[in-house]
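J.: Dumping the structure here so I can ask a few things about it.
The values are calculated or read from the model by the stated rules, or taken from the named source; none is laboratory data. Note that the structure is a prediction, hence the values are computed from the model and not measured. When the accessible area is computed, the model is the full protein with side chains, heavy atoms only, and any ligands, DNA or RNA have been set aside. Shrake-Rupley method; radii C 1.70, N 1.55, O 1.52, S 1.80 Å.
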Amino acid sequence: QVQLVESGGGLVQAGGSLRLSCAASGRTASKNAMGWLRQAPGQERDFVAVINWSGDSTYYADSVKDRFTISRDNTKITVYLQMNSLKPEDTAVYYCAARGGYERSGSSTYEYWGQGTQVSVSS
C-alpha cells in the first residue's frame, strides 16, 4: 500500500505561481511512478503530468507544458508540481497518484490516490 498526502493548494491571481507537494509513504513508495491529475467542477479527471521513479523522465499534458514542472525528491519520497503562469482554466482539485509502472503518456490509470488539494485561479 502507498499513502499519498497533497498540500500547497490555494487561491492565486492569474499569472501567479503555486507549488503543490505530495508526500508518499509505504513500503514501495519510492519505486512508483507518480502523477498529478486534476478535476474541474462538472468535468472528468484529466491528466496533468507524470514522472518516473528515478525522476529522469517526465511527460506533460499539452495544456500545461512549459508552465508546469513535475519533480521528485526520493530522499523525502515527495513529488512536487511547480505551477507558473496560472490561468483561470487551471482551477481544479489537483490529485497526486502513484502506480508501479511508468509510461510517457496521459494515462489516468493509477493504483493509489491522494485526497486532492484545491487550486483556484482568479482572473
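J.: Would you mind checking which residues have amide H under 5 Å from Gly10's amide H? H placed 1.01 Å from N; only 5 or more apart, or other chain.
T.: Val119, Ser120
J.: Leaving out same-chain residues fewer than 8 places away, which aspartates and glutamates sit with a Cα under 20 Å from that of Lys31?
T.: Counting by Cα, and skipping residues close in sequence, Lys31 has these aspartates and glutamates nearby: Glu6, Asp56, Asp73, Glu103, Glu111.
J.: Most fluctuating residue of Arg38, Arg27, Arg19 in a GNM of the chain with Cα springs under 10 Å: which is it?
T.: Judging by the Gaussian network model, the answer is Arg27.
J.: Same structure again: Taking all protein chains together and a probe of 1.4 Å, list Ser30, Ser123, Ser7 from the most accessible to the least accessible.
T.: If we order Ser30, Ser123, Ser7 from most to least accessible, we get Ser123, Ser7, Ser30.
J.: Using the reciprocal of the averaged 1/r over all distinct C-alpha pairs, how large is the Kirkwood radius of the chain in Å?
T.: One over the average 1/r among Cα pairs gives 14.1 Å for the chain.
J.: Report ³J(HN,Hα) in whole Hz for each residue of region 76-93, in order, from the Karplus equation J = 6.51 cos²θ - 1.76 cosθ + 1.60 where θ = phi - 60°; Gly and Pro get x.
T.: Using θ = phi - 60°, the values come out as 10, 6, 10, 10, 10, 10, 7, 10, 10, 6, 5, 10, x, 6, 7, 4, 4, 8 Hz.
J.: Using θ = phi - 60° and the Karplus form 6.51 cos²θ - 1.76 cosθ + 1.60, what ³J(HN,Hα) does each residue of region 7-13 get, whole Hz, x for Gly and Pro?
T.: With coefficients 6.51, -1.76 and 1.60, one gets 7, x, x, x, 9, 9, 7 Hz.
J.: Right, next: Can you work out the Karplus-derived ³J(HN,Hα) for every residue in region 64-71? Use 6.51 cos²θ - 1.76 cosθ + 1.60 with θ = phi - 60°, whole Hz, and x for glycine or proline.
T.: So the Karplus estimates, Gly and Pro as x, are 10, 4, 6, 10, 10, 9, 9, 8 Hz.
J.: Please work out how much length the chain gains when fully extended from Ser122 to Asp66, using 0.36 nm per residue of separation minus the C-alpha to C-alpha distance, in nm with one decimal.
T.: Value of the extension gain: 18.1 nm.
J.: What do you get when you divide the Cα radius of gyration of region 44-90 by 2.2 N^0.38 Å, with N the number of residues?
T.: 1.20
J.: Given contacts defined as C-alpha pairs under 8 Å and at least six residues apart, what's the relative contact order of region 1-112, whole-number percent?
T.: Computed over region 1-112, the figure is 34 percent.
J.: Just the Kirkwood number for region 4-72, please: inverse of mean 1/r across all distinct Cα pairs, in Å, one decimal.
T.: Taking every pair of different Cα atoms in region 4-72, averaging 1/r and inverting gives 13.5 Å.
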